Amino acid sequence: MTPTPEQLRQWDRRIVWHAFTQMVEYEPFIIERAKGCTLVDVDGREYLDGVSSLWCNVHGHRHPKLDAAIRRQLDKVAHVTSLGASNPTTIELARRLVDLAPAGLEHVFFSDDGATAVEVAIKMALQYWRQRAEPRPEKTGYVALGGAYHGDTLGSVSVGGVPRFHAMFEPLLFDVFRLPAPDSYRLPEGVTAENLAAHCLGQLERLLEEHHERIAAMVVEPLVQCAAGMIMHPAGYLRGVRELTARYDVLLIADEVAVGMGRTGRMFACEHEGVTPDLLCLAKGLTGGYLPLAATLTTDAIWGAFLGDFAENKTFYHGHTYGGNPLGAAVALATLDVFDEEQTLVNLGPKIARLGEHLARIGRLPHVGDVRQRGLIGAAELVRDRRTKAPYAWDERRGMRVCEHARGEGVWLRPLGDVIVLMPPLAVTLDELDRIALAAERGIVAAT
Ligand SMILES: *Cc1c(COP(=O)(O)O)cnc(C)c1O
């Protein structure tokens, strides 16, 4: 007998332990089906997916091409290990990614989630310095930014910098060199929007000058630190980071798990500043938001340091059972095909402009301190006082209240504290985008 919606809600509340969720107050929200940008819950109620099912959906749900790609792959094989074996679909995806990625990224290591893509990059960087022709084994440190989020495994948490999530696990983490995030809204004392990039790059340069001999890599989320509350970096910052890390022999790890795959208006965020990192991490939208698959792309120089006779022990001893899974690879390939066939990036222009119009209007509300946008990432930050930028007490949960209001209007949003996130699938229509933004706006009016 199929369980009733009420039974499902009871089991969901009692048995399922949800991510980033206080289970005492969890109100089951159970999506049974979806189509395009619309989610349908177990009671048949419809919601627009205003946050791309947590920043990963690209071409909409149940896209016929994506569904068909998985079905076709199922008729061949569902899983092949990447430990000493391969399959045509995963090989083809690796080729396509290398063709698309910034020039100089020639090799792909597959894993299964954003956190693992970053773990791979962190470990590769360290091992690279130990094994290259002129070894630098003292290079074991990492530079990361305040508010950084790179996933929830321990290596990723070590480079992460969100105290509310990460402070608890401090005893398990390695130390990093931490620099403040280049935050264009909450500027440091005496710094203007115009010289923020130079100010932050100056801090980085001083750090590298002093410590570069001990630093293996710097990890950044290019352009937008999403989980930090959609902190947007000033123009020129990423380019400057690339120049400085290159000058001081420090590898650059670009975590494009959230901003990659078209989200910023280009396929990869690094393209906006003409940057090739040494390691590029992809996940979330890589499969169109369908299946867990991640990739860490890297250069010939890094790949080369791992080559040698078996007995030299230069192998990268790292792997995940489902890394490079063919079903994931099949839907990732189809995702790239749909980018071409539907001209997704070209068609994004008017949607980015429309989101900008909505944000400009929302930005005039009395308790919206800042609105910011990069591509199809939009954010509105709620504050108690616009002039001083003083936040609301965090346990007032204003952001959550805005989203509860929007949900009542049939729009699903999930905030980052008091930052309201508007991040629909790239396939969103202008009409859907209007409905999402208007629901968010009415939610803000109701909750502030
Ligand atoms: C979501 C995210 C991750 C972690 O990805 P998972 O697939 O959840 O492990 C890493 N980095 C960034 C920038 C992210 O947004």
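The values are calculated or read from the model by the stated rules, or taken from the named source; none is laboratory data. Predicted model, so just to flag it, every value in this text is computed and none were measured. Because the Cβ atoms are built from the backbone with ideal geometry, glycine has one as well, and the counts that use them run over all protein chains shown. Heads up: the accessible areas ignore ligands, DNA and RNA and are worked out on the full protein's heavy atoms, side chains in. Shrake-Rupley method; radii C 1.70, N 1.55, O 1.52, S 1.80 Å.
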Quiz item: Among the lysines, which fall within straight-line cross-link reach of K76, defined as a Cα-Cα distance under 30 Å, with same-chain neighbours fewer than 8 residues apart omitted?
Solution: K35, K65, K284
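Would you mind computing Rg(Cα) / (2.2 N^0.38 Å) for the range 167-275, counting N as its residues? Before the final figure, lay out each step's value.
Working: Rg = 14.2 Å, N = 109, 2.2 N^0.38 = 13.1 Å.
This ratio for the range 167-275 stands at 1.09.
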Self-check item: FRET efficiency, 1/(1 + (r/R0)^6) with R0 51 Å, evaluated for M23 and R136 via beta carbons
Solution: 0.65
Exercise. Could you please report the charge total around T116, scoring K, R as +1 and D, E as -1 over all other residues with beta-carbon less than 15 angstrom from its beta-carbon?
Key: -4
Quiz item: Quick one: what Rg and Dmax do you get for the chain from the alpha carbons, in Å?
Solution: 22.0, 67
Exercise. Whole Å is fine, so just give me how far the alpha carbon centre of the range 376-427 lies from that of the range 1-41.
Key: 22
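Filter the GluC sites (Glu not before Pro) in the range 7-89 down to the DSSP loop ones having no more than 12 other Cβ atoms within 10 Å, then list what survives. Each step should come with its number before you reach the end.
On the way: sites: E25, E32, E46; in loops: E25.
Listed in order of number, the matching sites are E25.
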Exercise. For every other residue with a beta carbon closer than 11 angstrom to the beta carbon of W412, add +1 if it is Lys or Arg and -1 if Asp or Glu, then tell me the sum.
Key: -2
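Filter the GluC sites (Glu not before Pro) in the range 115-206 to those in DSSP coil with at most 10 other Cβ atoms within 10 Å of their Cβ, and list the result. Could the numbers behind the result be given before it?
Details: sites: E119, E138, E189, E194, E205; in loops: E138, E189, E194.
Loop-located and lightly packed - E189, E194.
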Quiz item: Residues in the range 405-443 near a label at R164, defined as backbone nitrogen under 14 Å from the 7 Å Cα→Cβ point?
Solution: 414-421
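Trypsin sites (Lys or Arg not before Pro), restricted to the range 18-77: which are DSSP loop and have at most 13 other Cβ atoms within 10 Å? Walk me through the numbers on the way to the answer.
Numbers: sites: R33, K35, R45, R62, K65, R71, R72, K76; in loops: R45, R62, K76.
Passing sites in the range 18-77 are R45, R62, K76.
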Self-check item: Charged-residue dipole, Cβ positions (Lys, Arg, Asp, Glu), the range 68-341 about Cα centre, Debye nearest 20
Solution: 380
Quiz prompt | Charge sum, other residues only, whose C-beta stays under 11 Å from I352's C-beta, Lys/Arg counted +1 and Asp/Glu -1 | solution = +3
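Under 8 Å for C-alpha pairs, at least 6 residues apart: give me the relative contact order for the range 68-341, rounded to a whole percent. All intermediate terms of the calculation are to be shown ahead of the outcome.
Working: 520 pairs, mean separation 81.3, N = 274.
About 30 percent, as a whole number.
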Quiz item: With springs only between Cα atoms under 10 Å, which of P182, P64, P425 fluctuates most in a Gaussian network model of the chain?
Solution: P64
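Given a 1.4 angstrom probe, I'd like the percentage of the accessible area of the chain that is carbon and sulfur, rounded to a whole number.
Details: 10960 of 20150 Å².
Here it works out to 54 percent.
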Self-check item: Table column - 3J(HN,Hα) (Hz), the range 81-87, Karplus curve with 6.51, -1.76, 1.60, x for Gly and Pro
Solution: 5, 9, 7, x, 8, 8, 8
Quiz item: Using a Gaussian network model of the chain with C-alpha springs under 10 Å, which one of P222, P366, P88 is most mobile by mean-square fluctuation?
Solution: P88
Self-check item: Label-to-label distance, nm, for residues given as R206 and R186 (7 Å Cα→Cβ offset)
Solution: 2.1
Quiz item: Near K139, which lysines are there with a Cα under 29 Å away, not counting those fewer than 8 places off in the same chain?
Solution: K123, K314
